[in-house]
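Accompanying notes for the structure given below.
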Amino acid sequence: MTRAEETALIFKIKEGDKNLFRQVVDSHGGMIFSVLYRMTGSREDAEDLAQETFVKAYFSLGQFRGDSSISTWLYSIAYRLAVSSLRKKKLTVNREKFSEEELRQSASLLESGEDTEMKELREKQYEALEKAVAELEPQDRFLIAAFYEQGRSIADLAGITGLTPANVKVKLYRCRNRLAGKVKGNKETDR
């Protein structure tokens, strides 16, 4: 959906066609759930927060000015709800959130032409990276997931988190360094 289409859709919803909001949920629900799951490490919490995000968005449509895309606005709501929830509950993040089966399924997506040794190496690298990402703070996991998995821009992330673009860049840089150190540390431990 283009930005113009999103703006027209929001305008129609604001005019009273509330049933069109289902399109917003359908278009952005998966991405919102994904980033919330990364932040919380819990499917149940991510589902609850995703639902809360869309409920809050629905009742706040009058406040949507169109300065950003609808997805940036939704990410912003989801991010703030997740941070607030994690602070309130002092949620214990499950560091081993990826099961062995999920890791095996991800490894099966590798190119079929690779030899077994290369597949095993890539699987180990992927597993090490996933574990390292799971050990990051929730806000850092959000930045990594939104930037690398969802393709959000620095400007979008700044708008979502309330940080300056420079702070977002610094945080991403530091997260990458921490991840590299953790993955490298895991490689040395495996030897």
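In summary, region 129-184 shows an alpha-carbon radius of gyration equal to 1.06 times the 2.2 N^0.38 Å reference for compact globular proteins. Over all pairs of different C-alpha atoms, region 3-89 has a mean inverse distance whose reciprocal, the Kirkwood radius, equals 13.2 Å. Pairs of Lys residues in region 3-89, spaced 8 or more positions apart or belonging to different chains, with C-alpha separations under 20 angstrom: 5 in total.
None of the figures in this text is laboratory data; all of them are computed from the coordinates on show. These figures come from a predicted structure and were not determined experimentally.
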